[in-house]
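K.L.:
This structure is in structure tokens; I'll ask about it shortly.
All of the numbers you see were taken from the coordinates with simple rules; none came from a lab. All of these numbers come straight from a predicted model, not from anything done at the bench. A quick note on method: Cβ atoms are made from the backbone with ideal geometry, for glycine too, and the neighbour counts reach across all protein chains shown.
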Amino acid sequence: MQNSTTHHRQAGQYDKIIKENLEVTLPVIIKDLLGLEILTSEELSDEVQHTKERKPDALKKVTDNLGNSYVLQIEFQLKDEREMVYRMAEYYIMLMRKYQLPIKQYVIFLKVEKPSMATVLTSEHLDFNFAAD
């Protein structure tokens with residue numbers, strides 16, 4: 001049985017070997033394995049780590065009158081933020097990962113006019129939305 005350190009070291013060696021040979025092998029992987037016909041491509045930074053501490057306005061583990069337990073997040077918003085849907089999606093994933101419970105999110109807009117910010121984020125592999133009142 002391998003210990004954790006040996007396993008991590010071997011995984012790191014495999015990652016290094018794969019990355020070193022990726023320039024040559026990636027076009028074959030993209031075409032033959034993934035079945036994608038790519039016309040152009042450009043390198044992007046491979047560092048996607050985004051260290052961010054988030055502090056929700058209100059965050060509670062609750063149990064409702066039907067016996068359902070979940071994480072309740074409430075954000076109070078004064079500004080109509082274009083990026084709010086991404087912020088709420090980040091919260092959702094972080095809360096789900098940390099608490100491994102269902103998540104219910106609400107954004108309460110504190111102005112009279114109705115906000116125009118998006119409350120839905122849809123892409124090929126993700127459908128996300130939050131309630132805004």
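K.L.:
Give the cross-link partners of K16 among the lysines, using a straight C-alpha distance below 25 Å as the criterion and excluding same-chain residues fewer than 8 apart.
P.N.:
Straight-line reach from K16, under 25 Å: K31.
K.L.:
In whole Hz, what ³J(HN,Hα) sequence does region 95-109 give by Karplus (6.51, -1.76, 1.60; θ = phi - 60°), x for Gly and Pro?
P.N.:
Once θ is set to phi - 60°, the couplings for region 95-109 become 5, 4, 5, 6, 9, 6, 9, x, 10, 10, 10, 9, 10, 9, 7 Hz.
K.L.:
In nm, to one decimal, how far is the L22 label point from the Y99 one, both placed 7 Å along Cα→Cβ?
P.N.:
3.5
K.L.:
Still on this structure, please answer the following. Calculate log10 I(q)/I(0) of region 58-132 for q = 0.27 Å⁻¹, where I(q) comes from the Debye formula with a single equal point scatterer on each Cα and nothing for solvent.
P.N.:
Log10 of I(q)/I(0), two decimals: -1.28.
K.L.:
Counting only DSSP beta bridges with both residues in region 58-132, tell me the antiparallel percent, nearest 5. Numbers along the way, then the final one.
P.N.:
Values: 10 of 19 bridges.
That works out to approximately 55 percent antiparallel.
K.L.:
K61 versus L36, label points 7 Å from Cα toward the beta carbon: distance in nm?
P.N.:
3.9
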